[in-house]
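Step one of this worksheet: look at the structure below.
The values are calculated or read from the model by the stated rules, or taken from the named source; none is laboratory data. Since we're looking at a predicted model, the values are computed, not measured. Counting neighbours? That spans all protein chains shown, and the Cβs are built from the backbone with ideal geometry, glycine included. When the accessible area is computed, the model is the full protein with side chains, heavy atoms only, and any ligands, DNA or RNA have been set aside. Shrake-Rupley method; radii C 1.70, N 1.55, O 1.52, S 1.80 Å.
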Amino acid sequence: MGLSVSQLKELVKQLGMPAFTGGQIAKWLYDKHVKSIDEMTNLSKANRERLAEDFCVGAMEPLHCQRSVDGTVKYLFPVRCSEFADSAENGDNKAQKFVETVFIPDGDRGTLCVSSQVGCKMNCLFCQTGKQGFEGSLTAADILNQIYSLPERELLTNIVFMGQGEPMDNLDSVLQVTNLLTSPDGYAWSPKRITVSSVGVKSKLKRFLDESECHVAISMHSPLHEQRLSLMPAEKAMPIAETVELLKQYDFTHQRRCSFEYICFGGLNDSLTHAKEIIKLVEGLECRVNLIRFHEIPDVDLPSANEARMEQLRDYLTQHGVFTTIRASRGQDIFAACGLLSTAQKSQQS
Ligand code: SF4
(Lines give C-alpha, C1' and ligand atoms only; values in the text may rest on other atoms or scores of the structure.)
Protein backbone atom coordinates (compact mmCIF):
# COMPACT_ATOMS: atom_id res chain seq x y z
CA MET A 1 0.00 0.00 0.00
CA GLY A 2 1.19 3.50 -0.82
CA LEU A 3 3.05 2.57 -4.01
CA SER A 4 2.01 4.10 -7.32
CA VAL A 5 1.04 1.88 -10.25
CA SER A 6 4.39 2.45 -11.95
CA GLN A 7 6.21 1.53 -8.72
CA LEU A 8 4.08 -1.62 -8.39
CA LYS A 9 4.82 -2.55 -12.02
CA GLU A 10 8.54 -2.08 -11.43
CA LEU A 11 8.35 -4.19 -8.29
CA VAL A 12 6.58 -7.14 -9.94
CA LYS A 13 8.94 -7.01 -12.93
CA GLN A 14 11.85 -7.46 -10.52
CA LEU A 15 10.10 -10.59 -9.24
CA GLY A 16 9.82 -11.94 -12.80
CA MET A 17 6.11 -11.24 -13.19
CA PRO A 18 4.51 -9.37 -16.13
CA ALA A 19 4.18 -5.61 -15.64
CA PHE A 20 0.36 -5.71 -15.90
CA THR A 21 0.29 -7.61 -12.59
CA GLY A 22 1.28 -4.29 -11.00
CA GLY A 23 -1.87 -2.72 -12.47
CA GLN A 24 -3.97 -5.60 -11.13
CA ILE A 25 -2.47 -5.16 -7.66
CA ALA A 26 -3.23 -1.41 -7.76
CA LYS A 27 -6.88 -2.21 -8.49
CA TRP A 28 -7.08 -4.65 -5.58
CA LEU A 29 -5.51 -2.08 -3.31
CA TYR A 30 -7.05 1.26 -4.26
CA ASP A 31 -10.38 0.07 -5.60
CA LYS A 32 -11.18 -2.98 -3.48
CA HIS A 33 -9.10 -2.19 -0.38
CA VAL A 34 -8.14 -5.81 0.25
CA LYS A 35 -6.41 -6.70 3.50
CA SER A 36 -4.22 -9.53 2.21
CA ILE A 37 -2.37 -10.57 -0.93
CA ASP A 38 -4.36 -13.82 -0.90
CA GLU A 39 -7.53 -11.85 -1.69
CA MET A 40 -6.04 -10.76 -5.05
CA THR A 41 -7.72 -13.67 -6.79
CA ASN A 42 -6.95 -12.76 -10.41
CA LEU A 43 -3.25 -13.21 -9.68
CA SER A 44 -2.00 -16.77 -10.07
CA LYS A 45 -1.58 -18.74 -6.84
CA ALA A 46 2.16 -18.98 -7.54
CA ASN A 47 2.46 -15.19 -7.92
CA ARG A 48 0.45 -14.56 -4.77
CA GLU A 49 2.68 -16.93 -2.83
CA ARG A 50 5.82 -15.34 -4.25
CA LEU A 51 4.59 -11.83 -3.32
CA ALA A 52 3.62 -12.93 0.18
CA GLU A 53 7.18 -14.18 0.78
CA ASP A 54 8.45 -10.57 0.85
CA PHE A 55 5.42 -8.31 1.10
CA CYS A 56 2.13 -7.67 2.79
CA VAL A 57 -0.66 -5.20 2.00
CA GLY A 58 0.23 -3.08 5.04
CA ALA A 59 -3.31 -2.26 6.20
CA MET A 60 -3.59 -1.65 9.95
CA GLU A 61 -6.89 -1.16 11.74
CA PRO A 62 -7.30 1.75 14.17
CA LEU A 63 -6.58 0.70 17.75
CA HIS A 64 -8.86 3.06 19.53
CA CYS A 65 -11.63 5.53 18.80
CA GLN A 66 -13.56 8.26 20.57
CA ARG A 67 -16.98 9.37 19.35
CA SER A 68 -18.38 12.82 19.88
CA VAL A 69 -22.05 13.51 20.43
CA ASP A 70 -21.93 15.51 17.15
CA GLY A 71 -20.79 12.47 15.13
CA THR A 72 -17.10 13.38 14.92
CA VAL A 73 -14.86 10.34 15.42
CA LYS A 74 -11.25 10.44 16.46
CA TYR A 75 -9.13 7.37 15.68
CA LEU A 76 -5.76 6.28 16.94
CA PHE A 77 -3.85 4.54 14.14
CA PRO A 78 -0.66 2.53 14.63
CA VAL A 79 2.16 3.59 12.30
CA ARG A 80 5.47 2.15 11.20
CA CYS A 81 7.43 5.33 10.37
CA SER A 82 10.64 4.93 8.35
CA GLU A 83 12.80 6.88 10.78
CA PHE A 84 12.04 4.92 13.92
CA ALA A 85 11.95 1.64 12.01
CA ASP A 86 15.72 2.13 11.65
CA SER A 87 16.24 2.99 15.29
CA ALA A 88 14.13 -0.02 16.37
CA GLU A 89 16.63 -2.23 14.57
CA ASN A 90 19.31 -0.64 16.71
CA GLY A 91 17.46 -1.63 19.81
CA ASP A 92 15.93 1.69 20.87
CA ASN A 93 12.60 3.34 20.48
CA LYS A 94 10.75 0.04 20.23
CA ALA A 95 7.42 1.25 21.57
CA GLN A 96 4.58 1.25 19.07
CA LYS A 97 3.84 4.71 17.68
CA PHE A 98 0.43 6.18 16.98
CA VAL A 99 -1.16 9.09 15.18
CA GLU A 100 -4.59 10.63 15.39
CA THR A 101 -7.04 10.83 12.51
CA VAL A 102 -10.34 12.64 12.78
CA PHE A 103 -13.46 11.93 10.72
CA ILE A 104 -15.88 14.86 10.64
CA PRO A 105 -19.32 14.16 9.10
CA ASP A 106 -21.35 17.20 8.10
CA GLY A 107 -24.54 16.55 6.11
CA ASP A 108 -23.46 14.97 2.84
CA ARG A 109 -19.82 15.92 3.44
CA GLY A 110 -17.34 13.67 5.17
CA THR A 111 -13.98 15.26 5.93
CA LEU A 112 -10.96 13.36 7.17
CA CYS A 113 -8.13 15.13 8.96
CA VAL A 114 -4.97 13.02 8.53
CA SER A 115 -1.59 13.15 10.26
CA SER A 116 1.76 13.19 8.48
CA GLN A 117 4.24 12.81 11.38
CA VAL A 118 4.47 11.41 14.91
CA GLY A 119 4.95 14.53 16.98
CA CYS A 120 6.21 17.65 15.25
CA LYS A 121 9.34 19.78 15.09
CA MET A 122 7.49 23.09 14.80
CA ASN A 123 6.69 23.44 18.50
CA CYS A 124 3.79 25.86 18.18
CA LEU A 125 2.95 27.26 21.61
CA PHE A 126 -0.75 26.34 21.45
CA CYS A 127 -0.36 22.74 20.25
CA GLN A 128 -0.29 19.52 22.23
CA THR A 129 1.41 17.66 19.38
CA GLY A 130 4.26 20.17 19.36
CA LYS A 131 4.81 19.42 23.04
CA GLN A 132 5.34 15.70 22.27
CA GLY A 133 8.51 16.59 20.38
CA PHE A 134 9.33 14.97 17.08
CA GLU A 135 9.44 11.18 16.82
CA GLY A 136 9.35 10.38 13.14
CA SER A 137 7.87 11.02 9.72
CA LEU A 138 5.16 8.76 8.40
CA THR A 139 5.76 6.67 5.31
CA ALA A 140 3.31 7.08 2.43
CA ALA A 141 1.74 3.78 3.55
CA ASP A 142 1.29 5.12 7.11
CA ILE A 143 -0.49 8.19 5.76
CA LEU A 144 -2.60 6.29 3.27
CA ASN A 145 -3.59 3.67 5.85
CA GLN A 146 -5.53 6.38 7.73
CA ILE A 147 -7.82 6.50 4.67
CA TYR A 148 -7.53 2.85 3.56
CA SER A 149 -8.45 1.39 6.94
CA LEU A 150 -10.98 4.04 7.98
CA PRO A 151 -14.37 2.47 8.80
CA GLU A 152 -16.13 5.47 7.18
CA ARG A 153 -13.93 5.40 4.06
CA GLU A 154 -16.88 5.26 1.66
CA LEU A 155 -18.34 8.45 3.17
CA LEU A 156 -15.26 10.59 2.53
CA THR A 157 -15.63 13.67 0.34
CA ASN A 158 -12.63 15.70 1.50
CA ILE A 159 -9.20 15.14 3.01
CA VAL A 160 -7.26 17.74 4.92
CA PHE A 161 -3.63 17.33 5.97
CA MET A 162 -4.15 19.19 9.23
CA GLY A 163 -3.54 16.47 11.80
CA GLN A 164 -0.31 15.87 13.67
CA GLY A 165 2.92 17.02 12.06
CA GLU A 166 3.97 19.56 9.46
CA PRO A 167 3.21 18.14 5.98
CA MET A 168 6.01 20.13 4.30
CA ASP A 169 8.48 18.50 6.67
CA ASN A 170 7.49 15.12 5.19
CA LEU A 171 6.84 16.31 1.67
CA ASP A 172 7.97 13.24 -0.30
CA SER A 173 5.46 11.00 1.49
CA VAL A 174 2.70 13.64 1.40
CA LEU A 175 3.14 14.14 -2.36
CA GLN A 176 3.26 10.39 -2.91
CA VAL A 177 -0.15 10.12 -1.20
CA THR A 178 -1.76 13.17 -2.84
CA ASN A 179 -0.56 11.88 -6.23
CA LEU A 180 -2.10 8.47 -5.48
CA LEU A 181 -5.35 10.03 -4.35
CA THR A 182 -5.63 12.10 -7.55
CA SER A 183 -4.21 9.59 -10.04
CA PRO A 184 -6.68 7.82 -12.37
CA ASP A 185 -4.94 4.55 -11.41
CA GLY A 186 -5.30 5.36 -7.72
CA TYR A 187 -8.38 6.96 -6.13
CA ALA A 188 -9.04 9.35 -9.05
CA TRP A 189 -10.10 12.19 -6.75
CA SER A 190 -10.11 15.81 -7.89
CA PRO A 191 -7.28 17.80 -6.22
CA LYS A 192 -10.03 20.20 -5.15
CA ARG A 193 -11.06 17.63 -2.53
CA ILE A 194 -7.66 17.77 -0.82
CA THR A 195 -6.17 20.55 1.32
CA VAL A 196 -2.61 20.51 2.63
CA SER A 197 -1.77 22.84 5.48
CA SER A 198 1.55 24.34 6.48
CA VAL A 199 3.13 26.82 8.84
CA GLY A 200 5.30 27.82 5.87
CA VAL A 201 8.54 25.92 5.34
CA LYS A 202 11.05 27.48 2.99
CA SER A 203 11.66 25.72 -0.35
CA LYS A 204 9.30 22.86 0.61
CA LEU A 205 6.23 25.05 0.30
CA LYS A 206 7.43 26.23 -3.11
CA ARG A 207 7.98 22.64 -4.21
CA PHE A 208 4.51 21.70 -3.04
CA LEU A 209 2.94 24.63 -4.91
CA ASP A 210 4.88 23.69 -8.06
CA GLU A 211 4.23 19.95 -7.97
CA SER A 212 0.68 19.70 -6.65
CA GLU A 213 -2.70 21.17 -7.57
CA CYS A 214 -4.25 20.57 -4.16
CA HIS A 215 -5.55 23.45 -2.08
CA VAL A 216 -3.16 25.05 0.39
CA ALA A 217 -3.95 26.31 3.89
CA ILE A 218 -1.38 28.41 5.74
CA SER A 219 -1.42 28.69 9.53
CA MET A 220 -1.20 32.41 10.17
CA HIS A 221 -2.51 33.00 13.73
CA SER A 222 -1.02 36.51 13.74
CA PRO A 223 -0.01 38.93 10.98
CA LEU A 224 2.53 40.58 13.33
CA HIS A 225 6.06 39.20 13.13
CA GLU A 226 6.95 39.40 16.83
CA GLN A 227 3.66 37.99 18.01
CA ARG A 228 3.63 35.19 15.45
CA LEU A 229 7.19 34.35 16.45
CA SER A 230 6.10 34.02 20.07
CA LEU A 231 3.29 31.66 19.04
CA MET A 232 5.11 29.81 16.26
CA PRO A 233 8.91 29.45 16.21
CA ALA A 234 8.63 28.62 12.48
CA GLU A 235 8.11 32.34 11.87
CA LYS A 236 11.85 32.77 12.33
CA ALA A 237 12.83 30.64 9.33
CA MET A 238 9.95 31.73 7.12
CA PRO A 239 8.12 34.88 8.20
CA ILE A 240 4.45 35.06 7.24
CA ALA A 241 5.22 38.07 5.00
CA GLU A 242 7.64 35.91 2.99
CA THR A 243 5.09 33.08 2.79
CA VAL A 244 2.45 35.46 1.45
CA GLU A 245 4.91 36.86 -1.11
CA LEU A 246 5.54 33.32 -2.34
CA LEU A 247 1.81 32.57 -2.54
CA LYS A 248 1.26 35.71 -4.61
CA GLN A 249 3.32 34.11 -7.38
CA TYR A 250 0.65 31.42 -7.87
CA ASP A 251 -2.84 31.50 -9.34
CA PHE A 252 -5.64 30.96 -6.84
CA THR A 253 -8.36 32.54 -8.95
CA HIS A 254 -9.62 29.35 -10.60
CA GLN A 255 -9.55 25.77 -9.34
CA ARG A 256 -7.05 26.02 -6.54
CA ARG A 257 -7.81 27.66 -3.21
CA CYS A 258 -5.53 29.43 -0.78
CA SER A 259 -6.75 29.87 2.78
CA PHE A 260 -5.30 31.06 6.05
CA GLU A 261 -6.05 29.32 9.32
CA TYR A 262 -6.29 31.76 12.20
CA ILE A 263 -6.74 30.48 15.75
CA CYS A 264 -8.35 33.21 17.86
CA PHE A 265 -7.03 33.75 21.37
CA GLY A 266 -9.40 36.12 23.18
CA GLY A 267 -7.92 39.62 23.48
CA LEU A 268 -4.56 38.52 22.08
CA ASN A 269 -4.76 38.38 18.28
CA ASP A 270 -8.31 39.50 17.51
CA SER A 271 -8.03 43.33 17.59
CA LEU A 272 -8.76 45.92 14.94
CA THR A 273 -4.99 46.35 14.52
CA HIS A 274 -4.73 42.66 13.69
CA ALA A 275 -7.59 42.96 11.20
CA LYS A 276 -5.92 45.90 9.43
CA GLU A 277 -2.57 44.12 9.32
CA ILE A 278 -4.15 40.99 7.83
CA ILE A 279 -5.81 43.07 5.12
CA LYS A 280 -2.51 44.80 4.30
CA LEU A 281 -0.66 41.50 4.28
CA VAL A 282 -2.92 39.59 1.88
CA GLU A 283 -3.71 42.50 -0.43
CA GLY A 284 -3.63 41.25 -4.03
CA LEU A 285 -3.88 37.57 -3.05
CA GLU A 286 -7.08 35.64 -3.78
CA CYS A 287 -7.68 33.92 -0.45
CA ARG A 288 -9.98 33.36 2.45
CA VAL A 289 -9.45 33.37 6.21
CA ASN A 290 -10.83 30.68 8.52
CA LEU A 291 -11.12 31.76 12.14
CA ILE A 292 -10.85 28.92 14.64
CA ARG A 293 -11.90 29.10 18.28
CA PHE A 294 -9.13 28.32 20.73
CA HIS A 295 -10.37 26.20 23.63
CA GLU A 296 -8.13 25.86 26.65
CA ILE A 297 -5.96 22.74 26.74
CA PRO A 298 -3.71 21.35 29.51
CA ASP A 299 -0.30 23.03 29.96
CA VAL A 300 -1.04 25.83 27.52
CA ASP A 301 -1.37 29.28 29.03
CA LEU A 302 -3.35 31.02 26.30
CA PRO A 303 -6.84 32.53 26.54
CA SER A 304 -9.88 30.91 24.98
CA ALA A 305 -11.52 32.66 22.04
CA ASN A 306 -13.83 35.58 22.72
CA GLU A 307 -16.94 35.05 20.60
CA ALA A 308 -17.86 38.73 20.19
CA ARG A 309 -14.33 39.83 19.25
CA MET A 310 -14.02 36.96 16.82
CA GLU A 311 -17.26 37.93 15.11
CA GLN A 312 -16.06 41.55 14.88
CA LEU A 313 -12.82 40.36 13.31
CA ARG A 314 -14.73 38.22 10.80
CA ASP A 315 -17.09 41.06 9.87
CA TYR A 316 -14.34 43.67 9.52
CA LEU A 317 -12.22 41.42 7.30
CA THR A 318 -15.18 40.41 5.12
CA GLN A 319 -16.35 44.04 4.77
CA HIS A 320 -12.86 44.96 3.61
CA GLY A 321 -12.70 42.31 0.91
CA VAL A 322 -11.11 39.38 2.76
CA PHE A 323 -13.73 36.62 2.85
CA THR A 324 -13.67 35.25 6.39
CA THR A 325 -15.55 32.47 8.13
CA ILE A 326 -15.66 31.13 11.66
CA ARG A 327 -15.13 27.40 11.66
CA ALA A 328 -17.69 25.41 13.61
CA SER A 329 -16.16 23.71 16.64
CA ARG A 330 -16.55 19.98 16.19
CA GLY A 331 -15.94 17.06 18.51
CA GLN A 332 -15.31 19.35 21.44
CA ASP A 333 -16.26 16.65 23.96
CA ILE A 334 -13.67 14.19 22.60
CA PHE A 335 -10.76 16.38 21.62
CA ALA A 336 -9.87 19.71 23.06
CA ALA A 337 -6.86 19.67 20.77
CA CYS A 338 -5.09 17.43 18.32
CA GLY A 339 -2.44 15.40 20.13
CA LEU A 340 -4.28 14.73 23.38
CA LEU A 341 -5.29 11.15 22.59
CA SER A 342 -1.87 10.05 21.38
CA THR A 343 -0.23 11.78 24.35
CA ALA A 344 -2.52 9.79 26.68
CA GLN A 345 -1.71 6.55 24.85
CA LYS A 346 2.00 7.31 25.07
CA SER A 347 1.94 7.88 28.82
CA GLN A 348 -0.05 4.65 29.25
CA GLN A 349 2.76 2.78 27.49
CA SER A 350 5.59 4.28 29.48
S1 SF4 B 1 0.20 23.21 15.17
FE2 SF4 B 1 0.83 21.86 13.50
S3 SF4 B 1 2.86 22.64 12.92
FE4 SF4 B 1 2.42 23.51 14.94
S5 SF4 B 1 3.35 22.06 16.41
FE6 SF4 B 1 1.20 21.45 16.13
S7 SF4 B 1 1.27 19.89 14.53
FE8 SF4 B 1 3.20 21.03 14.43
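Springs between alpha-carbon pairs under 10 angstrom, Gaussian network model over the chain: which of Ala305, Ala95, Ala217 fluctuates most? Of Ala305, Ala95, Ala217, the Gaussian network model singles out Ala95 as fluctuating most. Model label sites at Leu155 and Leu302, defined 7 Å from Cα along the beta-carbon direction, differ in position by 3.0 nm. Cross-link reach is defined here as a Cα-Cα straight distance under 16 Å, omitting same-chain residues fewer than 8 places apart; for Lys206 the lysines meeting it are Lys248.
Counting only aspartates and glutamates at least 8 places from Lys27 when in the same chain, those with an alpha carbon closer than 18 Å to its own are Glu10, Asp38, Glu39, Glu154, Asp185. Average projection, convex hull of the Cα set of the stretch 64-349: 14.9 square nanometres. Ordering 41-54, 147-160 by mean Cβ neighbour count within 10 Å, with the highest value first, yields 147-160, 41-54.
Only Cα pairs under 8 Å and 6+ residues apart enter the sum, and on that basis the relative contact order of the stretch 5-54 stands at 26 percent.
Scaled to the globular estimate 2.2 N^0.38 Å, the Cα spread of the stretch 111-265, given as radius of gyration, is 1.01. Ignoring lysines fewer than eight residues from Lys97 along the same chain, the ones with Cα atoms less than 19 angstrom from its Cα are Lys74, Lys121, Lys131, Lys346. Once the other residues with Cβ under 14 Å from the Cβ of Gln176 are scored (Lys, Arg +1; Asp, Glu -1), what is the net sum? My count for the surroundings of Gln176 gives -3.
Tally Lys and Arg at +1 and Asp and Glu at -1 over the other residues with C-beta under 9 Å from the C-beta of Cys214: what net charge comes out?
Overall, the nearby charge balance is +2.
Over the chain, DSSP H runs of length four or greater, each weighted -39,500 (n - 2.57), average out per residue to a 222 nm ellipticity of -10000 deg cm²/dmol.
The relative contact order of the chain, computed from alpha carbon pairs under 8 Å that lie at least 6 residues apart in sequence, is 15 percent.
Phi-derived couplings, Karplus 6.51 cos²θ - 1.76 cosθ + 1.60 at θ = phi - 60°, listed residue by residue for the stretch 198-213: 7, 7, x, 10, 3, 6, 5, 4, 4, 4, 4, 5, 6, 9, 10, 10 Hz, with x used for Gly and Pro. Rounded, prolate or oblate: which one fits the stretch 5-54, using the alpha carbon gyration tensor with axes a ≥ b ≥ c (rounded when a/c is under 1.5, else prolate when a/b beats b/c, else oblate)? Oblate.
Accessible area per residue for the chain in Å², computed with a 1.4 Å probe and the full protein assembly in place, what is it?
On a per-residue basis, 45 Å².
Result for the chain in a Gaussian network model with C-alpha springs under 10 Å: among His215, His320, His254, the largest mean-square fluctuation is at His254. Each Lys or Arg adds one and each Asp or Glu takes one away; over the other residues whose Cβ falls under 15 Å from the Cβ of Val199, this sums to +1.
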